[in-house]
Amino acid sequence: MTALGIKRQARSLGYSTTKVGSEELTLTRDPNLGNALSGKVAGVSVAGNATGSTGSSRVVIRGNASLTGNNQPLYVIDGVPFDNTNQGSAGQWGGLDQGDGLSNINADDIADIQVLKGAAASALYGYRGGNGAILITTKSGRRGQPVSVEVNENLTFNSIYDYRDWQKSYGLGLEGQKPTTQNAAIQGESNSWGAYLDGSDAVNFKGDTYKYNYVDNWDKFYKTGVTSTTSASLSGSSQNIVYRFGASYNKEKSILPNASNRQLGFNTNTTYYIFKNFSATVTGNYTEDHSKGRANLSDGNGNTNASLMYRGNSFDVEWLKGTSAGWGTNLDGSEMIGGNNVYFNNPYWLQYRKTNNMNRNRLTGSITLKWDITDWLYLQGAVMHDGYEYDFKQVQPIGAAADPKGWMTEYSKKFHENNYNFLLGFNKAFGDWSVSATFGGNKMHNIFKIYTPSDGGRPFVVDGLWSVNNIAANGQRPGKKLSQYKVNSLYGTVDLGWKNQLFLNLTGRNDWFSTLSDNNNSYFYPSATLSWVFTDTMRKLLPEWFDFGKLRLGYAFASNGTEAYQNLLLYKLNDYNVDGRQTITVDNNDRYPNPDLKPVHISEFEVGLNLSFLRGRLNFDMAYYSKKTKDDICFISTSSTSGYGSKVANIGKINNNGFEFMVDAYPVKTKDFTWNTTLNFAYNNSKVKNLGDGVKRISVEGGSSRNGNVTIYQIVGKPYAEIVGNRYKRNADGQLLLKNGLPQAGDQDVLGNAVYKWTGGWRNSFTYKGFNLGFLIDFKFGAKIFSGTNYQLYYYGMHKNTLNGRTPENPAGSIVAQGIDEVTGQPNTTAVTSQDYYRAICNANIAEEFVYSADFIKLRELSFGYTFPKKFLEPLKYVKGLSVSFVARNLWTIMKHTPNIDPESAINNTNAQGLELNGYPATRNIGFNINVKF
């Protein structure tokens, strides 16, 4: 299957594509289909995020092609473009990751996934093809197939993979003192700069006496999560129809209390043969998705994970349960907190009182009519739809420490996209020559609406009624937004083949955009590929064990399109009058539009090689590519006198070069035992070439850290996404320059790059009679990450490094740092406390200390199962197949360099990679899978 659903011989393809079978997705499954691709396809980088199991994924193919725009591929389900927009993400000031579209796809309904890697493979998608495409084909019935029923149950238990390795020797308190009064306990709530933990008496924030020992609050608060996915399908065929209907129910109990997700889904892929040469195919995927209790991320008010992390080592989180209801409340119903920081929340309050609920209904489907006019000519037309309704409500009730009068955010998103297309196809042989051609067109129209009754509206009038009608009239903050986007397209292909061994493929697509000016809205995207099966040409010269060899060449143009309303001034009605007249102001998000805006332009050259030896037991797939982006849409700072903070401009240029390698082998293949091993790896190197005249760098939207003064920049002459922050202040010899015995911040500098250069995976599967064993090792190298969590662990005295200088006899510690006194120019002799020293690093925002290698090697998947032989099932009259498997995911991190955190801990799935702070703990998922066929 290739772009636009056009079927071609694999040997004729002049570009790289990889197929992932359903069996690789269903056993050790991930709730998000994007994450399930990690380590499976060369050149596909899947960035893990610390956003929980219902969070979003970030999938990038062959590097980031846009400096500020979308870098994820196009997803297509049974030919229908599928919107994978993230419904919310965290940034510098927090936020919720509310998931993307890929969590709405049930793995049991997937037949296979085809990954179109380069522009040559996806050029027929035109303005959407610049980042590659992932084609998802759902299961269908087969002609001649009897009625069959399949039931699958996948159940996993999700426990925290605890990466914490902090000090447990010193407890809550400041300057080496344990709290002996209620006030001291309140002042030292988050700090572990206290005395040595010796089991003696201390006083907590309630004034109660307790034993001064280490307390593991994760054990007390987090739960073992449970995920259950039950699927059933009915498939078969008759004389005129081939059908499959599927249903699924997924339910997850989170590791956070009072947090859960459930999803009900229905799927069909059915073809009805109206006449011998005329058929109608109906595909559909409908889901109902409900979740509650997601935690905020980063440093935002409402981050349950942060409220557990930064408690003094002797603080017992169960003190915060409050009243008998255990909701973290005082007797008057207000939030109980353990210190004097009203933004440092009670985790029980966050999970039981500050609520958030999401409901989503989604339908993706198509109706396709196909007429086989002759055996070499066909005509088809399709109507396609993808759409959802997404409702979200978050309530901060009356009594919150930071918001005593409460607030509420509530909105409804409605998205739908319709595509109407036709395709005329021709395929005929003329002696040694074969000719295939297609011509088609598409009309796309999508509409996105947001209705917001309350955007953080406050205050509530009366307690207990969480409705916009209970918010003071002047604080409701309603809103409504509407966005429309239309594209009309014509496209065609020509395939020439000679003796089934030399193939030339030409494609072209022209898109007309509604989002561009009338005199500048037409763009053409061509491609050309060549495929030569040289083993057929030189068969007599090659040994028998050399089965197959193919050389590929391709060159193509594609794009990422544009967003709506970037080329005209927009206006909004204000909620106030002047001299009795309605007022109107510009509403372009502080950006000056560009009337001459163009789509991003992406060109890519690719050369590749396929080799097969020993009757298919040793296979290679290799590729080199060079991808160039120009006219990237960037937002450039402008003079304040313009009235705008930035302007929209086509000035970005970035290059990506790399190679991909895959080897698939069967070292052992006998009647009873088979060992299949597949290794893939890829390298990508990027370089920012231009950001406009005189512009040397631009910041990535959302790429500023909450602490440490770190920013992700695109810098001319550097790779994509550089981490920029302060280094230590040093002299010319590299020695620390100290002031009063404390380190100082030097200049801002590039501290590393946020994007992995090397990615790969090693999959092995073993079968012996009915037994099967499989595992996948996933690895990435070449990226750095700034850890805001470790920054805060330093500040609060919890990091192991803060043990330096502290002893049971002198818990305040004494450090004489090695370095030069900046004033005297002599070696430092000034002693400071451990608290003063390590807090100085944080207060000076010396980010260099907290930038780590994000390299890792993980045992990503493991399964061990047994398929019962048919003779065993004969007494069970209606059972045609039965298999049972032990399954595990994220079982073991074999290598990493990030203390206390998972290296895959980005706070969101945007371009602002390389930042980490207070995300969800990673989980290890262990369970079983049962499959029964009737």
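For the stretch 375-412, taking the residues that are part of a strand (DSSP E or B) and aliphatic (A, V, I, L, M), the one that is nearest to F439 (Cα to Cα) is identified as L379. The residue pairs whose first member lies in the stretch 258-287 and is in contact (Cβ under 8 Å) with a residue 40 or more places away in the chain and of a type in the set (G, A, S), whose second member is buried (at least 18 other Cβ atoms within 10 Å of the Cβ) and not in a strand (DSSP E or B), and whose beta carbons are closer than 6 Å, counting only pairs six or more residues apart or on different chains, are A259/G293; G265/N106. Being open to solvent by less than 20 Å² (accessible area, probe 1.4 Å), over 21 Å from the mean Cα position of the chain (by Cα), at positive phi and not hydroxyl-bearing (S, T, Y) is the requirement here; does N918 meet it? The answer is no for N918. G312 satisfies every condition listed in (1) surrounded by 22 or more Cβ atoms within 10 Å (Cβ to Cβ); (2) touching an Asp or Glu at 6+ places or on another chain (Cβ under 7 Å); (3) not in a loop (DSSP other than H, G, I, E, B) except (3). Residue count for the stretch 331-346, restricted to those that are open to solvent by 50 Å² or more (accessible area, probe 1.4 Å) and of a type outside the set (A, V, I, L, M, F, W, C): 4. Evaluation of V115 against the conditions (1) over 30 Å from V887 (Cα atoms); (2) open to solvent by less than 10 Å² (accessible area, probe 1.4 Å); (3) of a type outside the set (S, T, N, Q) shows that the sole unmet condition is (1). Each residue in the stretch 840-855 was checked for being open to solvent by 30 Å² or more (accessible area, probe 1.4 Å) and in contact with a helix residue (DSSP H, G or I) (Cβ under 6 Å, 6 or more places away or on another chain), and 1 pass.
Screening the candidates W349, W327 for the property of being of a type in the set (F, W, Y), open to solvent by less than 60 Å² (accessible area, probe 1.4 Å) and more than 30 Å from S238 (Cα to Cα) yields one hit, W349. Looking at S626, is it within 26 Å of the chain's Cα centre (by Cα), surrounded by fewer than 17 Cβ atoms within 10 Å (Cβ to Cβ) and either closer than 19 Å to N560 by Cβ or among the polar types (S, T, N, Q) (or both)? Answer is yes for this residue. When T638, T711, T678 are screened for being of a type outside the set (A, V, I, L, M) and over 27 Å from the mean Cα position of the chain (by Cα), only T638 passes.
Filtered by the rule that a residue be under 38 Å from the mean Cα position of the chain (by Cα), modelled with pLDDT of 95 or more and open to solvent by 70 Å² or more (accessible area, probe 1.4 Å), the stretch 499-529 gives L506, W512, F524. Screening the candidates N900, N828, N929 for the property of being under 28 Å from A259 (Cα atoms), in contact with a strand residue (DSSP E or B) (Cβ under 6 Å, 6 or more places away or on another chain) and modelled with pLDDT of 95 or more yields one hit, N929. I'd like to check something: does the stretch 30-41 contain any residue that is modelled with pLDDT under 95 and surrounded by fewer than 20 Cβ atoms within 10 Å (Cβ to Cβ)? No, the conditions are met nowhere in the stretch 30-41. One residue stands out in the stretch 714-744 among those that are open to solvent by 40 Å² or more (accessible area, probe 1.4 Å) and part of a strand (DSSP E or B): the one that is nearest to A854 (Cα to Cα), namely R727.
Okay, residues lined up against (1) open to solvent by 10 Å² or more (accessible area, probe 1.4 Å); (2) part of a strand (DSSP E or B); (3) at negative phi; (4) touching a helix residue (DSSP H, G or I) at 6+ places or on another chain (Cβ under 7 Å):
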{"site": "T54", "(1), (2), (3), (4)": "yes, no, yes, yes"}
{"site": "G63", "(1), (2), (3), (4)": "yes, no, no, no"}
{"site": "L102", "(1), (2), (3), (4)": "no, no, yes, no"}
{"site": "G126", "(1), (2), (3), (4)": "no, no, no, no"}
{"site": "P146", "(1), (2), (3), (4)": "yes, no, yes, no"}
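Note on the stretch 637-677: residues that are assigned to a strand (DSSP E or B), over 15 Å from F766 (Cβ atoms), in contact with a Ser or Thr (Cβ under 6 Å, 6 or more places away or on another chain) and not charged (D, E, K, R) total 5.
Highlighted here are the strands (runs of 3 or more DSSP E) found entirely within the stretch 745-801 that include at least 2 residues which are touching a Gly at 6+ places or on another chain (Cβ under 7 Å), open to solvent by less than 40 Å² (accessible area, probe 1.4 Å) and farther than 18 Å from I907 by Cβ: 758-768, 771-781. The residue that is farthest from W762 (Cα to Cα), among those in the stretch 849-883 that are in contact (Cβ under 8 Å) with a residue 60 or more places away in the chain and part of a loop (DSSP other than H, G, I, E, B), is K880.
Restricting the stretch 925-934 to residues that are part of a strand (DSSP E or B) and farther than 17 Å from T54 by Cβ leaves a set whose member that is most open to solvent (accessible area, probe 1.4 Å) is K933. Look at T209 and say whether it is under 32 Å from the mean Cα position of the chain (by Cα) and on the phi < 0 side of the Ramachandran plot. No; evaluated as a whole, the condition is false for this residue. Restricting the stretch 694-710 to residues that are outside any loop (DSSP other than H, G, I, E, B) and of a type in the set (D, E, K, R), the residue that is surrounded by the most Cβ atoms within 10 Å (Cβ to Cβ) is R697. Among the residues of this structure, T829 counts as one that is within 21 Å of L737 (Cβ to Cβ) and open to solvent by 20 Å² or more (accessible area, probe 1.4 Å).
Restricting the stretch 455-491 to residues that are of a type in the set (S, T, Y) and surrounded by 15 or more Cβ atoms within 10 Å (Cβ to Cβ), the residue that is nearest to S527 (Cα to Cα) is Y491. Of the strands (runs of 3 or more DSSP E) lying entirely inside the stretch 179-261, those containing at least 1 residues that are of a type outside the set (A, V, I, L, M, F, W, C), in contact with a helix residue (DSSP H, G or I) (Cβ under 9 Å, 6 or more places away or on another chain) and over 30 Å from Q145 (Cα atoms) are 209-211.
Considering K858, K880, K896, the condition of being open to solvent by 30 Å² or more (accessible area, probe 1.4 Å), under 30 Å from L67 (Cα atoms) and of a type in the set (K, R) is satisfied by K896 alone. On the basis of being part of a helix (DSSP H, G or I) and in contact with a strand residue (DSSP E or B) (Cβ under 6 Å, 6 or more places away or on another chain), does A840 make the cut? The answer is yes for A840. A count restricted to the stretch 633-642 and to residues that are in contact with a strand residue (DSSP E or B) (Cβ under 8 Å, 6 or more places away or on another chain) and farther than 18 Å from G130 by Cβ stands at 5. A single member of K598, K550 is open to solvent by less than 60 Å² (accessible area, probe 1.4 Å) and charged (D, E, K, R), and it is K550.
The values are calculated or read from the model by the stated rules, or taken from the named source; none is laboratory data. In this text the structure is predicted, and so the values were computed from the model without any measurement. So basically every Cβ, Gly included, is an ideal-geometry build from the backbone, and we count neighbours across all protein chains shown. Only protein heavy atoms, including side chains, enter the accessible area calculation; ligands, DNA and RNA are left aside. Shrake-Rupley method; radii C 1.70, N 1.55, O 1.52, S 1.80 Å.
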